[in-house]
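Chemist: Take a look at the following structure, please.
The values are calculated or read from the model by the stated rules, or taken from the named source; none is laboratory data. Since the model is a prediction, treat every value here as computed from it, not as a measurement. Note: ideal-geometry Cβ built from the backbone for every residue, glycine included; neighbour counts use all protein chains shown. For accessibility, only protein heavy atoms count, side chains too; no ligands or nucleic acids. Shrake-Rupley method; radii C 1.70, N 1.55, O 1.52, S 1.80 Å.
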Amino acid sequence: MDAGPTCANRFEGKENGKKMKAISKLLSLSATAALAITLAACGGSPANSGGNASSDSSSNASTTTTAAAPAPDGDQSVPVYRDTMNSTESVTVRTIAGIPYMKIDEFYNKLYFTGADKYPEKAKQMTVTHNGSVFEAPAYDGTKATFDADADTFSCENLDAYTMVPYYSLFLAEQADPAAPFVRVSGTDRTGDATPRTVDFKKYGIDLVADGDSLWVPLPTLADIFSCPYVYEVFYNGKGVYISDGMEVLQTKNAMDTDENYYAFTKENRSAERAAFDYNNLCFYVDTFYGHPASSRISESIKADGLDKTLDKTIDGMKLSGVKEALKSTDMKEYAFGLNCLINSALDDGGHTGYRDMMTWMSQEEVGKWGQRMDELGLSKNTNSLKSDESSAGIAAVISKGIDDKSLPVEPLRYADGSGVAIYMEQGDTAMFVVTANYVIDRAGWTAYENGETNEKPQDSMGMFMQALDKAKANPAIKNFVVNVALCPGGESGISTTISKIISGQTYRHQFNELSGQDEVIHYDVDANFDRVFDEKDNEVSYPFNFAVVASSYSYSAANYLANMAKDNGVCLLGETSGGGANSPQVTPESEGLSFNLSARYKLMDKNNQHVDFGVEPDYVLTQEKDGKKDYSQYFDLAVISQHVNEFYAK
């Protein structure tokens, strides 16, 4: 299941942002809400597309000076920051040849095991044992892993299970999805056993160090090993260890987001030794954990030859040797340029892979200069992303015009937090619920509701969907109910799982696990009647409608998952081929303390066991040609949609 706020990060152009801002204005949203819906549509900041960056953060310009003095070798006590900068705990960091190290069990037990002690029968802290240079370091559930400090190797019987954050893995199985508390995992079917994996750290120049009974591993390497789609991550910026909890359950705030001095390390150049380590650790991480989405232009090369050799090639016109040179630079801004080239362009897959935190410590002017250099390296935007831009702009223009001239029967459904609106429409025998941006999920509100602390369902995407269903049900003329995600670039996939339960009765996710080599079908329970209990009564929930889904090439990630569930389970699918985004996104702690997203281990599959990274084809195409241009007017034409839906279910 896609997790947290990273599951639909899109790096789209500004045009769609303008259209969505116009929609917000026409619906009389406040300026703050209008900005929020614009940002939601464009994936946060519109600054990261193809080097054409823009930002209002010019005051954040930094001056890079000489190389930072390397930390002296030896041990130091380093503060741990969670929700605030008031630290009450610390860990020991050992500097070896300028590289920060931690004992693997201290890292795991103090930083990664947080909260898992609530399940004492299911989770145990890591206990390290060794025979000479060979260390055994089992995960919370007993999954075995071996580290050989002499050979510098890491072997694991199930890399997926080993690297999962304990608390959220157990919470999802024992209670509910922490991001969407009305969903929980009921079981998983897998084909065969997991394929054991071995990593040769010596290949990457990464040194494991044995000291008596302790195994010391570079801290950035540990942070990358123990990162997973549940967006609970460990960052180290040279001054402190920061825990980031994207699920906002173990901590509702993240200190690294509020620390004004967090990016102080970017003001100094890296040492040559540190630059070499950072590059090698990046290669290790990508080679080991990348999910190889088919839509990425260098995915196949990385799978065959690894990242380092891939960056010696020219692929699809991209001169990747220039990217490699920048990634190895000691200058932090040049390094950021390299990350931008690699992640936002060469690895571009439409949204799940992206780098954007340079805008917090570099000026708009500095980043804006990258465009010409990227053009010289042939680093254009992925054509799949360009198609998405075209669709989102065209579809947004249609709904904007329809609201403006009142030609569309639009009723806004406002989110309680002011982040935007959904839209309800009905005409004749058909009603439609329109998601106008990313799915919005009120995690705290749903947790309070499911725990009985309130009887009010949150007014977010899930709550608005249920409200739209009730509106349609109250009108006896309505026979068809359409879920329109043509302007939805994704979000919390638990919403799509719940919608799928309502419209098809099916609640599963078919995926291929790149780390274990297994085909998996995850089954979910959904509290479909929202009575706070997962039981048989949830299977009795039904509505007297023919259901349908409208999707576009902008319908990415969780919206693509909904399109896939519709097509695989006999629900009418209209629009155009959806936007893909088959691989789960994963927040990655970069070695210096930066962060980026990477398409990772889980790849969404259809009923024919084919990935859907290039999207799902519709039963009825709504995109038309008019005067040599694409015409998206049918996406909100309820008469046309009604005709198609009625025909589909008459078969």
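Chemist: Considering only segment 386-418, state which residues are within 28 Å of Met462 (Cβ to Cβ) and of a type in the set (Gly, Ala, Ser).
Modeler: Within segment 386-418, Ser388, Ser391, Ser392, Ala393, Gly394, Ala396, Ala397, Ser400, Gly402, Ala416, Gly418 qualify.
Chemist: Here is a further query. Could you list, in sequence order, the residues of segment 473-492 that are more than 36 Å from the chain's Cα centre (by Cα) and surrounded by 24 or more Cβ atoms within 10 Å (Cβ to Cβ)?
Modeler: none
Chemist: Examine segment 538-561 for a residue that is surrounded by fewer than 24 Cβ atoms within 10 Å (Cβ to Cβ) and acidic (Asp, Glu), and state whether such a residue exists.
Modeler: Yes, some residue in segment 538-561 is surrounded by fewer than 24 Cβ atoms within 10 Å (Cβ to Cβ) and acidic (Asp, Glu).
Chemist: Can I ask one more? On the basis of being touching a Phe, Trp or Tyr at 6+ places or on another chain (Cβ under 7 Å), open to solvent by 40 Å² or more (accessible area, probe 1.4 Å) and either assigned to a helix (DSSP H, G or I) or over 20 Å from Ala151 (Cβ atoms) (or both), does Ser186 make the cut?
Modeler: Against the criterion (touching a Phe, Trp or Tyr at 6+ places or on another chain (Cβ under 7 Å), open to solvent by 40 Å² or more (accessible area, probe 1.4 Å) and either assigned to a helix (DSSP H, G or I) or over 20 Å from Ala151 (Cβ atoms) (or both)), Ser186 qualifies.
Chemist: Identify, from the list Phe512, Phe547, the residue that is over 27 Å from Phe636 (Cα atoms), of a type in the set (A, V, I, L, M, F, W, C) and part of a strand (DSSP E or B).
Modeler: Exactly one of Phe512, Phe547 is over 27 Å from Phe636 (Cα atoms), of a type in the set (A, V, I, L, M, F, W, C) and part of a strand (DSSP E or B), namely Phe512.
Chemist: Go over the candidates Leu408, Leu377, Leu327 one by one and state the one that is of a type in the set (A, V, I, L, M), within 30 Å of Tyr262 (Cα to Cα) and touching a helix residue (DSSP H, G or I) at 6+ places or on another chain (Cβ under 9 Å).
Modeler: Among Leu408, Leu377, Leu327, only Leu327 is of a type in the set (A, V, I, L, M), within 30 Å of Tyr262 (Cα to Cα) and touching a helix residue (DSSP H, G or I) at 6+ places or on another chain (Cβ under 9 Å).
Chemist: Being touching a strand residue (DSSP E or B) at 6+ places or on another chain (Cβ under 6 Å) and part of a loop (DSSP other than H, G, I, E, B) is the filter; apply it to segment 133-159 and report the residue that is most open to solvent (accessible area, probe 1.4 Å).
Modeler: Among those that are touching a strand residue (DSSP E or B) at 6+ places or on another chain (Cβ under 6 Å) and part of a loop (DSSP other than H, G, I, E, B), it is Ser133.
Chemist: Are any of the residues in segment 168-183 among the polar types (S, T, N, Q), without any contact (Cβ under 8 Å) to a residue 24 or more places away in the chain and open to solvent by 70 Å² or more (accessible area, probe 1.4 Å)?
Modeler: Among the residues of segment 168-183, at least one is among the polar types (S, T, N, Q), without any contact (Cβ under 8 Å) to a residue 24 or more places away in the chain and open to solvent by 70 Å² or more (accessible area, probe 1.4 Å), which makes the answer yes.
Chemist: To continue, here is another question. If you scan segment 562-611, which residues turn out to be assigned to a loop (DSSP other than H, G, I, E, B) and either closer than 30 Å to Met332 by Cβ or open to solvent by less than 10 Å² (accessible area, probe 1.4 Å) (or both)?
Modeler: Once the filter is applied, which keeps residues that are assigned to a loop (DSSP other than H, G, I, E, B) and either closer than 30 Å to Met332 by Cβ or open to solvent by less than 10 Å² (accessible area, probe 1.4 Å) (or both), segment 562-611 yields Val571, Ser578, Gly581, Ala582, Glu590, Ser591, Glu592, Gly593, Leu594.
Chemist: Still on this structure: Among residues belonging to segment 456-472 that are in contact (Cβ under 8 Å) with a residue 12 or more places away in the chain and part of a loop (DSSP other than H, G, I, E, B), point out the one that is surrounded by the most Cβ atoms within 10 Å (Cβ to Cβ).
Modeler: Selected residue: Asp460.
Chemist: Would you pick out the residues in segment 439-464 that are closer than 26 Å to Asn484 by Cβ and touching a Pro at 6+ places or on another chain (Cβ under 6 Å)?
Modeler: Asp442, Gly445, Trp446
Chemist: Additional query: If Gly628 passes every condition in (1) at pLDDT below 95; (2) open to solvent by less than 50 Å² (accessible area, probe 1.4 Å); (3) on the phi > 0 side of the Ramachandran plot but one, which one does it miss?
Modeler: Single failed check for Gly628: (2).
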